[in-house]
Structures are given as C-alpha cells and as structure tokens.
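One structure is given here, and the rest of the page talks about it.
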Amino acid sequence: VVTGTHTSGSTFSAGTTTVTYTATDNNGNTATCSFNVTVTDNQAPTITCPANQTLPAGANCTAVATWAMPTATDNCGGVATVTGTHTSGSTFNTGTTTVTYTATDNNGNTATCSFTITVTDSQAPSITCPANLTLPTTTGSCFAVAQWAVPTGTDNCGGVVSVSSTHISGSLFNTGTTTVTYTATDAGGNTATCSFNVTVTDSQAPSIICPNSVTTAAGANCTAVVNWANPIALDNCGLNMVTGTHTSGSTFSAGTTTVTYTATDAGGNTATCSFNV
C-alpha cells in the first residue's frame, strides 16, 4: 500500500508544507519520499482612508485635523502594520496637505491610500484708521490739505497685507464732511475696512466794500431819491446773499441816514459795511 500525509487536491496555507508518501510491501517493509508544496502570498492588502477634509485656519493660521484610523484587511488574515505620513490630531498650515497611509501584510505586500487636509484662511485682517479730522479752510481758499498717518493692516496668517484707500494723506478736501475709507486685503483675499471723516469748516468772513457816502439836496417835500452802485462783496467759498437796510433808489428824508450792507457766505460767516446818505 501507498499512503500520504496529504492527498492531491488538498488545500494548503501560505508558506511551505512537506508532503510525504510511504510505500509498505506485503512483508511490512517501507520506503518514503517527500516533496514540498509552497504557497506564496503576492496579493496586496486593502486599505481605506477617510474622506478629504477642509478646515478654517485658526488665529495662528493653522488648524488641527482629526480622523478615524484607516482600516486594512488582507487575504491571508492579519495586517502587520499600518503607518501614515501624519497622525490624527496633527497641526496643518494653510493650503492642501496629502496624508498617506501604508498597510503592510505579514508577507511584505503593501497597499496605500491617501486623503487631503485643506486649511483655508477665512479670517479677515484687521485695520485701524486714525481719528476724525476737523480743519479750517486755507486762507483765501475753500479747501484744506489733510494729512494723517497711513493705517497698517495685520493678519492671522502674517505675510503682506495690501492697503488701499479712497483718499491719500495730503489730499485737498472741500468744505463739508468727506469720509475716507481704507481697505486691507490679506493673501487669502479676505478684506477688512475702516473709515474716518475729514471735516473742513469755512470760518473766513467774506469781504464787502460799500460806496462812498452821498450828500444831496432835499426836494420840495424835504426828501430826496438817492441812487448808488451796489457794494462789492467777495468770499473764499462763494457768497450766499448780500442784504442792505436800504436799496438804491430809496427816498430819504432830510438829515443823515446810515445805510448798512451785510454779506453772508455759505458757511454763515458775515461782514458788513456802511455809508451815509
């Protein structure tokens, strides 16, 4: 008879298995022979990574990312090691970082999976404007030159913060109130604004020149009609109105009458002149 430790068609596990056959004759004498069956595992394990993540940056321009450990399986059972380029709970800078995990089975076969951590800077920069300014008009003009320290912007991610404005220091401002706005833009395109007012007031009085005094003879009714040229009035910002106590062509009684003119500019400043009839 011939007997063996295994029969053809048997199932063998990975690794090397020795199959031995024994022949026995009718007198009980035996002989054996052996051969090896080697099963090699060349199938890689499988590993599944978590989904990609997008996180906002914190105050220091970083974010902490956490995730579940990838799971790995193998055809031969058991996965020797799972290693990653990063660990859950790591800190990531702004931008996109690829995290890769590698599974290695007991026979040295490997498989990898990857996912990305994207950290976006969604925090606006900060910018502080100077205080409001109130200025008088420059002598003889209807404007003022305003100067101020240019605001600077700061950002949680550092780097260059560009600053633009509606006006620049040293600009001319007309009377009234003008709002100056500054905008800070960080590298991520986030913006912040601040504003202040420049108020220019006209405190310069107008000038007015009256005609010379007039002396005329009374008529039969002891009165006289008197005419004169209108006063000359000027103002740095333009006149609003000129009024007088009398108008040219008025009738005056005998005696001396003082005629007074008042010039009022747009800022409410006044000047007067007088002459006698």
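The values are calculated or read from the model by the stated rules, or taken from the named source; none is laboratory data. The structure presented is a predicted model; accordingly, all values stated were derived computationally and were not measured. Cβ sites come from the backbone with ideal geometry, for glycine too, and all protein chains shown count toward neighbours. Calculation scope for accessible area: heavy atoms of the full protein, side chains included, ligands and nucleic acids excluded. Shrake-Rupley method; radii C 1.70, N 1.55, O 1.52, S 1.80 Å.
When the residues of the range 27-84 are narrowed to those that are of a type in the set (G, A, S) and in contact (Cβ under 8 Å) with a residue 40 or more places away in the chain, which ends up nearest to A111 (Cα to Cα)?
Top of the filtered list is A44.
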Filter result (in a strand (DSSP E or B) and surrounded by 14 or more Cβ atoms within 10 Å (Cβ to Cβ)) within the range 138-153: F143, A144, A146, G153
Among (1) under 30 Å from V119 (Cα atoms); (2) touching a strand residue (DSSP E or B) at 6+ places or on another chain (Cβ under 9 Å); (3) open to solvent by less than 70 Å² (accessible area, probe 1.4 Å), the one test that G189 misses: (2)
Flag for C194 being open to solvent by less than 80 Å² (accessible area, probe 1.4 Å), in contact (Cβ under 8 Å) with a residue 60 or more places away in the chain and under 30 Å from D121 (Cβ atoms): yes
Count of the range 56-74 residues which are surrounded by fewer than 16 Cβ atoms within 10 Å (Cβ to Cβ) and at pLDDT 95 or above: 3
Spans of strands (runs of 3 or more DSSP E) in the range 75-129 with at least 3 residues loosely packed, with under 14 Cβ neighbours inside 10 Å and under 29 Å from the mean Cα position of the chain (by Cα): 95-105
Any hit, the range 154-174, residues being touching a strand residue (DSSP E or B) at 6+ places or on another chain (Cβ under 7 Å), open to solvent by less than 30 Å² (accessible area, probe 1.4 Å), part of a strand (DSSP E or B) and not small (G, A, S): yes
Candidates G268, G255 - the one that is closer than 30 Å to T201 by Cα and either open to solvent by less than 80 Å² (accessible area, probe 1.4 Å) or part of a strand (DSSP E or B) (or both): G268
